[in-house]
Amino acid sequence: MQRFTSQNLWLVTAVVALALMPLLGIKGDYTGADSQAQERITLDHPHYQPWFQSLFKPSSPEVESFLFATQAAIGAGIVGYGIGFYRGKSQGKK
């Protein structure tokens, strides 16, 4: 039991270190890929016209972040439910 506890502790430490290294070691602007792509397209093709407009434009960046976080939480809930469902189903057969 002691071996698994120390192994889990090392794994958690490694995961935390991998998550923090980019945040602490890389200086710069953490903009999204959408805005970077839009800037690049504007530089390469200044007369480009989009094919369509957004159906909904959030009133502020905070609302946009909230909607994105809500979408991510719903997706994580669906995936977690599916994993739990199939794990419970497999344990019920044993």
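Structure data summary
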quantity	calculated
Conditions (1) in a helix (DSSP H, G or I); (2) surrounded by 10 or more Cβ atoms within 10 Å (Cβ to Cβ); number of the one not met by residue 62	(2)
Of all residues making up the stretch 11-47, the number that are of a type in the set (Phe, Trp, Tyr) and surrounded by 10 or more Cβ atoms within 10 Å (Cβ to Cβ)	0
Test: residue in the stretch 76-91 that is part of a helix (DSSP H, G or I), basic (Lys, Arg) and open to solvent by 100 Å² or more (accessible area, probe 1.4 Å)	yes
Residue 50 open to solvent by less than 80 Å² (accessible area, probe 1.4 Å) and in contact with a Phe, Trp or Tyr (Cβ under 9 Å, 6 or more places away or on another chain)	no
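The values are calculated or read from the model by the stated rules, or taken from the named source; none is laboratory data. As the structure is a prediction and not an experimental result, all values here were calculated from the model. All Cβ positions, glycine included, derive from the backbone under ideal geometry; neighbour counts span all protein chains shown. Heavy atoms of the whole protein, side chains included, go into the accessibility calculation; ligands, DNA and RNA do not. Shrake-Rupley method; radii C 1.70, N 1.55, O 1.52, S 1.80 Å.
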